[in-house]
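For reference, the structure discussed in these notes is given below.
The values are calculated or read from the model by the stated rules, or taken from the named source; none is laboratory data. No experiment lies behind these values; they were computed from the predicted model shown. When we count neighbours, we look across all protein chains shown, and the Cβ atoms used for this are built from the backbone with ideal geometry, even at glycine.
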Amino acid sequence: MKTAKDYNALISDWEYCYCVNCNTIRYGAELTATDQGVKCSVCGSYDLEVPAWVNCPQEMKNVAVKCPRGGSGIIKGKRGENECVYYCSFRHA
Ligand SMILES: [Zn+2]
């Protein structure tokens, strides 16, 4: 069984994630660990997209970045190239 302590470790590992309810990126300081999981400190929602290392089409080619939405916005463009429908600019927030 996981506890708030485990989820706290998870937050440090994530650094940031995406709150679906707030429609915004939440950084570690805006996240709270409880025994139920990780929640957004602002709205209290557990509906978060988990970050993952992906090749973001909006970042340098062939360099994996930690996408706050786990690459969920990446689609194939007209010419078969990868595009991301989100312009989250997570590094520049
Ligand atoms: Zn939220």
Qualifying residue in the range 34-47 (condition: over 15 Å from residue 7 (Cβ atoms) and touching a helix residue (DSSP H, G or I) at 6+ places or on another chain (Cβ under 8 Å)): yes
Tell me the residue from 20, 54, 38, 85 that is in contact with a Phe, Trp or Tyr (Cβ under 8 Å, 6 or more places away or on another chain), modelled with pLDDT of 90 or more and not acidic (Asp, Glu), please. 38
Would you say residue 30 is within 16 Å of residue 90 (Cα to Cα), among the acidic types (Asp, Glu), at pLDDT below 95 and surrounded by fewer than 19 Cβ atoms within 10 Å (Cβ to Cβ)? no
Say we look at the range 37-86 and pick out the residues that are surrounded by 12 or more Cβ atoms within 10 Å (Cβ to Cβ) and among the acidic types (Asp, Glu); which of these is nearest to residue 16 (Cα to Cα)? 49
Can you tell me which residue within the range 13-50, out of those that are charged (D, E, K, R) and under 17 Å from residue 72 (Cβ atoms), is nearest to the ligand (Cβ to nearest atom)? 26
Any idea which of (1) over 23 Å from residue 83 (Cα atoms); (2) more than 10 Å from the ligand (Cβ to nearest atom) is the one residue 58 doesn't satisfy? (1)
Can we say residue 75 is of a type outside the set (D, E, K, R) and in contact (Cβ under 8 Å) with a residue 60 or more places away in the chain? no
